[in-house]
Amino acid sequence: MSKGAHLHNIATKNLRTEEMVLNMGPQHPSTHGVLRLELLVDGEIVVDVIPHIGYLHRCFEKHAEQMLNYQQIIPYVDRMDYVASMTNEFAFVTAAEKLFNIQVPERVEYIRVIMAELQRIASHLIAVGTYGIDIGAFTPFLYCFRDREKILDLFEMTSGARLLYNYMCIGGLYHDLPNGFIEKAKEFCQYFRKQLKDFNDLLTYNEIFINRTANVGILPVDVGINYACSGPMLRGSGVDWDLRRDDPYSIYHKLEWEVCVAKGEVGKIGDCWNRHFVRVREMEQSILIIEQALAQLPEGDVKSAIPKRIRPLPAEIYVRTEAPRGELGFYIVSDNSTSPYRVKARSSAFVNLSVIAEIARGAMLADMVAIIGSIDIVLGEVDR
Amino acid sequence: MITPQEVFDILQSKFGEKILELQLQTHNPFIKISSDGLLEIAQFLRDDERFQFDYLSCLSGMDYEKTLGVVYHLFSMKKKHKIVIKVEVSKENPIIPSVEKIWKTANWHEREAYDLFGIIFSEHPDLRRILLPYDWEGHPLRKDYQVPEYYNGMKVPY
């Protein structure tokens, strides 16, 4: 034993150690919004995590009950997951249409799918871009936001808004596609496919990134299912599960694409790297879906099925859709009045976040940031 | 795959009068059960070979004016079938056994239902408010909820 190590041993032998409570957030750049984590740490090791949420609670469910009619709820739905508004709207209108037995024209379904998949790419770009920042890679973030900007331009062309679109409504869409949209969208698909390769070289296979994310925060399959995780979170653990294919809605069954499941090329299945890589691969599949939908887009009137007035009967429905973060479900109960009796939003980020203590226990404190980022939460959706 | 009718028949033969009602004339067929049998029925639904409802999709609190209730949307990842279970309790004594031990995901959902409806889940490991501040009074999603004029002694301007 060297003299230094010997002295070190003497010094630490009589040291008193105890667990410490460390507060992370709510104003912390890598909590992706206002999330507060109470960390119980033993030195650098995380012993337990107690998440505190609700800072962004805006009573969505109460508001929905107070609205004069169902169409008025859509802007509120937009604001739940504010980086993926299109898929939120998609989920809500799909649920409401099934509840009221409204058949929408095929063109509407195709446009919705195009928008939802564009939104999925935009949302995943934020997820992987900010994930890079969490880990300490700044450049990929700029690449992601540059490409996301092109998608927002497409949305702006269509709906007039860049973030909160209020574009879909029960029975149809508020506007048809503008002139030139299809060409621009095709152009984007071609452009973006090349970017993905660059992006993988820059971040996904970057050695520092791999060291920070591989084998960190492993979510076992049985725990994931027991906690009802969904989306890239569950697929990252190797579960072949996607609601677009397994509980089909809209026109997804007519399109050809594959569900991206983690294979563990790097690290172990279920770790942060694999969750990240599922998202990256999903963007490629979304491009495939968009291209097919653009090619098959039928003619039609997008407003023909919008009901002038919705006269509900007492009924209830639970519809779940695959949002970028996983299963986004709406449980709607109607009565004879024009406003819903009860709307429950089953938010994917809320449920995915609840598993955090399970996967963070035993991790290093610095890995907490990698773990939170890999869950990809949006606090607007967690708190509703 | 198993139909809701079959689920109902199996449950009824095993649990008898704790299984109250089957409703098929709806978008998602549901089975009403009494709250005192919930825990063993839930355990049975998850573990029995024929059901394997391992995935609790959604747990929603409900206010049915006269009673409170909880709705469980269950799904089986292995067998790909679904069922909806409903439980009702009186407003005076809204106690429902927690299913947190069976489906961990219920932990936060139940905290939310407690927070917004005031349903008390017995044997829940950590029944605190989750979305509202800890010192909030009342349960806002109840139909008879009155918006408070004061919060911590401060007048709330509307």
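Where a number appears in this text, it was derived from the coordinates with a stated rule and is not lab data. Only a predicted model underlies this, so the values are computations on that prediction, with no experimental measurement involved. Every residue, glycine as well, gets a Cβ built from its backbone with ideal geometry; the counts of neighbours run over all protein chains shown.
The A:Arg361 and A:Glu265 beta-carbon pair, evaluated with R₀ = 25 Å, returns a calculated FRET efficiency of approximately 0.45. Each stretch of four or more DSSP H residues adds -39500 (n - 2.57); spread over every residue of chain B, this sum gives -6500 deg cm²/dmol at 222 nm.
Using Cα atoms only, what is the angle between the long axis of helix A:272-296 and the major principal axis of chain A, expressed in degrees (0 to 90) to the nearest 10? Helix A:272-296 sits roughly 20 degrees off the main axis of chain A. Taking 22 Å as the limit for the C-alpha separation, the pairs B:Lys32/B:Lys78; B:Lys66/B:Lys104; A:Lys184/A:Lys263; A:Lys263/B:Lys101; B:Lys66/B:Lys101; A:Lys344/B:Lys91 exceed it in the case of B:Lys32/B:Lys78; B:Lys66/B:Lys104; A:Lys184/A:Lys263; A:Lys263/B:Lys101; B:Lys66/B:Lys101. Our summary gives chain A a relative contact order of 26 percent, counting only alpha carbon pairs under 8 angstrom and 6 or more residues apart.
Enter the mean number of other protein chain beta carbons within 10 Å of the beta carbon of each residue in A:278-289, as an integer.
That average works out to 0.
Which GluC sites (Glu not before Pro) in segment A:13-75 pass both tests, a DSSP loop state and at most 14 other beta-carbon atoms within 10 Å?
On the way: sites: A:Glu18, A:Glu19, A:Glu38, A:Glu44, A:Glu61, A:Glu65; in loops: A:Glu18, A:Glu19, A:Glu44.
Within segment A:13-75, the qualifying GluC sites (Glu not before Pro) (loop, at most 14 other Cβ atoms within 10 Å) are A:Glu18, A:Glu19, A:Glu44.
On a C-alpha basis, how far is the centre of segment B:1-17 from the centre of segment B:80-158 in Å? Whole number, if you could? Between the Cα centre of segment B:1-17 and that of segment B:80-158, the gap is 29 Å. In whole angstrom, segment B:15-158 maps to an equivalent ellipsoid with semi-axes of 31, 16, 13, each derived as √(5λ) from the alpha carbon gyration tensor and ordered largest first. Quick one: angle between helix B:106-117 and the longest Cα principal axis of chain B, in degrees between 0 and 90, rounded to 10, please. Result, in degrees: 50.
For segment B:58-71, 3J(HN,Hα) computed residue by residue from phi via the Karplus equation (6.51, -1.76, 1.60; θ = phi - 60°) reads 8, 10, 10, x, 9, 10, 9, 6, 8, 10, 10, x, 10, 10 Hz, glycine and proline entered as x. When the Cα gyration tensor is reduced to axis lengths a ≥ b ≥ c, the ratio a/c is 1.5 or higher for chain A, and with a/b above b/c it is classed as prolate.
Residues A:Phe138, A:Phe155, arranged from fewest to most other Cβ atoms within 10 angstrom of their Cβ, appear as A:Phe138, A:Phe155. Based on DSSP H segments of at least four residues, each scored -39500 (n - 2.57), chain A has a per-residue ellipticity at 222 nm of -14500 deg cm²/dmol. Identify which of A:Ile102, A:Ile151, A:Ile356 has the largest mean-square fluctuation in a Gaussian network model of chain A, with springs joining Cα atoms closer than 10 Å. For chain A, modelled as a Gaussian network with Cα springs under 10 Å, the answer is A:Ile102. Centroid-to-centroid, using Cα positions, segment A:94-163 and segment A:283-350 are 15 Å apart. Taking other C-beta atoms within 10 Å as the exposure proxy, A:Cys169, A:Cys59 rank A:Cys59, A:Cys169 from fewest upward. Amide H contacts for A:Cys169 (H built 1.01 Å from N in the peptide plane; partners 5 or more residues away or on another chain; cut-off under 5 Å): A:Tyr174. Here A:Thr17, B:Thr67, A:Thr130, B:Thr105 are placed in order of increasing Cβ neighbour count within 10 Å, fewest first, which gives A:Thr17, B:Thr67, A:Thr130, B:Thr105. Note on chain A: GNM, Cα springs under 10 Å; of A:Ala305, A:Ala127, A:Ala345, the largest mean-square fluctuation is that of A:Ala305.
Here's the list of lysines a cross-link from B:Lys155 could span, going by alpha-carbon distance under 22 Å and ignoring same-chain residues fewer than 8 apart: A:Lys62.
Counts of other chain beta carbons within 10 angstrom of each beta carbon in peptide B:54-66 average 6. By how many degrees, 0 to 90 and rounded to 10, does the Cα axis of helix A:365-375 deviate from the longest principal axis of chain A? Around 20 degrees separate the two axes.
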